[in-house]
Amino acid sequence: MIILGIETSCDETSAAVVKDGKEILSSIILSQDVLHRQFGGVVPEIACRAHLEAIIDVVNNALIDAKVQLAEIDAIAVVNTPGLIGALLIGVTTAKTLCMALDVPLIAIDHLHAHIYANNLESETIQYPAISLVVSGGHTTLFLSESETKHIPLGGTIDDAAGEAFDKVSKILGLGYPGGPVIDRLARQGNQCAISFPRSYLEKDSLDFSFSGLKTAVLYHYRGQDSKTSKSKTPSEHEIANIAASFQEAVVDVLIGKTLLASKMYNVRGILLGGGVAANSRLRQRLKDKSNETGIPVYYPSPILCTDNAAMVAGLAYKKYLEGDVAKLDLEAVP
Ligand code: KG4
Ligand code: ZN
């Protein structure tokens, strides 16, 4: 079964053709980073207009790369939630229009569930139940995953998402947008023990997250309000690398602490990581080390499948289709 997937929930216009939920025949990802960089974050109105301008070409290119004709597409999958409303609407409208014209089923996909499914595109061995951690620019959510399609939310961020914290700290440090990849790179040259930033675990056994205090602590440290650096002195490159490494370590400590707590609470057979922040090399390394210690297998997608892409959307759609979970043409975009 050949499924065309469409993803426009945030700032990537993406289309992919996937066979039988597994074989990626094509995957086009058009990033809008360059449009949002000057603002230090995604501007919804700009994202929406850019999707509108790009979507037809992106879909066409996905078909060309996959060497399939529109007539060979068996179903169309689209992310309809969560995301920026104007951005989601471009994908949803495109998908509905194609479904109507081709008379093929429409499959509605939750963006976060698709991030989790990215693991299934590359691994055959995942066993359930599993704990899934989705860490992206908009979300930090722990799920109890009962199967590839059934995910029960256990906790999430009460303020900033992990990726948002990376992006905001990067802005404070003058490192540009998106912040995650640059902080990840810079942190390798810094000392993660240089500064003791706060780790917020909230109340005992809480599976919720909070990163806004950490972000503020970085801001105060950078501005010299904790007396380590004076206000008049701009931190050196080495000091910035130390801040990046220490900040990243604080985020990773909390993410890993809560994920392991959840995995013990629910006695799971695996841990799945997904979303843009799942590309973080420190998070991946430390979770792998924990997996060796605990014996619970940890999965994370290749970096290209961590950030937003439509291959994960078309892949998950195949499983939903097999379960008879098909949407109607009055499907709404839900931000
Ligand atoms: O999943 P994604 O592509 O879009 C959303 O659904 O939000 O995630 C984007 C986020 C951005 O905040 C970006 O800074 C972060 O993922 N990110 C990273 C890394 N690569 C991307 N964060 C930490 N380390 C990375 N290597
Ligand atoms: Zn995402």
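The values are calculated or read from the model by the stated rules, or taken from the named source; none is laboratory data. Since the structure is predicted, the reported quantities are computational estimates derived from the model, not experimental observations. As a convention, Cβ positions derive from the backbone with ideal geometry for all residues, glycine included, and neighbour counts pool all protein chains shown. Side chains included, ligands, DNA and RNA excluded: accessible areas come from the protein's heavy atoms. Shrake-Rupley method; radii C 1.70, N 1.55, O 1.52, S 1.80 Å.
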Quiz item: Looking at Gly257, Gly315, which is the one that is in contact (Cβ under 8 Å) with a residue 24 or more places away in the chain, away from ligand 1 (no atom under 12 Å from the Cβ), part of a helix (DSSP H, G or I) and loosely packed, with under 14 Cβ neighbours inside 10 Å?
Solution: Gly257
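For every residue, the table says whether it meets (1) open to solvent by less than 40 Å² (accessible area, probe 1.4 Å); (2) among the charged types (D, E, K, R); (3) modelled with pLDDT under 95; (4) away from ligand 1 (no atom under 16 Å from the Cβ).
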| site | (1), (2), (3), (4) |
| --- | --- |
| Asp184 | yes, yes, no, no |
| Ala187 | yes, no, no, no |
| Ile195 | yes, no, no, yes |
| Ser206 | yes, no, no, yes |
| Asn242 | yes, no, no, yes |
| Phe247 | yes, no, no, no |
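Results for (1) buried (at least 18 other Cβ atoms within 10 Å of the Cβ); (2) in the same structural domain as Ile29 (by TED's automatic domain parsing); (3) in contact (Cβ under 8 Å) with a residue 60 or more places away in the chain, shown as yes or no for each residue.
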site	(1), (2), (3)
Val59	yes, yes, no
Ile64	no, yes, no
Gln69	no, yes, no
Val79	yes, yes, yes
Leu88	yes, yes, yes
Practice problem: Go through the residues of region 271-282 one by one and say whether even a single one is more than 16 Å from ligand 1 (Cβ to nearest atom), open to solvent by 10 Å² or more (accessible area, probe 1.4 Å) and of a type in the set (A, V, I, L, M, F, W, C). | Solution: no
Self-check item: Selection from region 127-165 of residues that are of a type in the set (A, V, I, L, M) and either open to solvent by 50 Å² or more (accessible area, probe 1.4 Å) or out of contact with any Lys or Arg (no Cβ under 6 Å at 6 or more places or on another chain) (or both)
Solution: Ala130, Ile131, Leu133, Val134, Val135, Leu142, Leu144, Ile152, Leu154, Ile158, Ala161, Ala162
Quiz item: Can you name every residue in region 208-218 that is in a helix (DSSP H, G or I), open to solvent by less than 30 Å² (accessible area, probe 1.4 Å) and of a type outside the set (Val, Ile, Thr)?
Solution: Leu214, Ala217
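Across region 155-174, what is the total count of residues that are in a helix (DSSP H, G or I) and small (Gly, Ala, Ser)?
Summing the residues that are in a helix (DSSP H, G or I) and small (Gly, Ala, Ser) in region 155-174 gives 4.
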Quiz prompt | Single unsatisfied condition, Lys288 versus (1) basic (Lys, Arg); (2) under 21 Å from Gly156 (Cβ atoms); (3) open to solvent by 10 Å² or more (accessible area, probe 1.4 Å) | solution = (2)
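Residues checked against (1) away from ligand 2 (no atom under 14 Å from the Cβ); (2) closer than 14 Å to Val251 by Cβ:
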{"site": "Leu133", "(1), (2)": "no, yes"}
{"site": "Leu142", "(1), (2)": "yes, no"}
{"site": "Pro153", "(1), (2)": "yes, no"}
{"site": "Asp160", "(1), (2)": "yes, yes"}
{"site": "Gly163", "(1), (2)": "no, yes"}
{"site": "Gly179", "(1), (2)": "yes, yes"}
{"site": "Val182", "(1), (2)": "yes, no"}
{"site": "Ala187", "(1), (2)": "yes, yes"}
Quiz item: Tally time: how many residues in region 123-146 are part of a loop (DSSP other than H, G, I, E, B) and out of contact with any helix residue (DSSP H, G or I) (no Cβ under 8 Å at 6 or more places or on another chain)?
Solution: 8
Quiz item: For Glu124, all conditions in the list (1) of a type in the set (Asp, Glu); (2) closer than 21 Å to Ala311 by Cβ; (3) surrounded by fewer than 20 Cβ atoms within 10 Å (Cβ to Cβ); (4) at pLDDT 95 or above hold save one; what is the number of the exception?
Solution: (4)
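In the list Ile109, Ile172, which residue meets the criterion of being in the same structural domain as Met312 (by TED's automatic domain parsing) and in contact (Cβ under 8 Å) with a residue 40 or more places away in the chain?
Result: Ile109 is the single residue among Ile109, Ile172 that is in the same structural domain as Met312 (by TED's automatic domain parsing) and in contact (Cβ under 8 Å) with a residue 40 or more places away in the chain.
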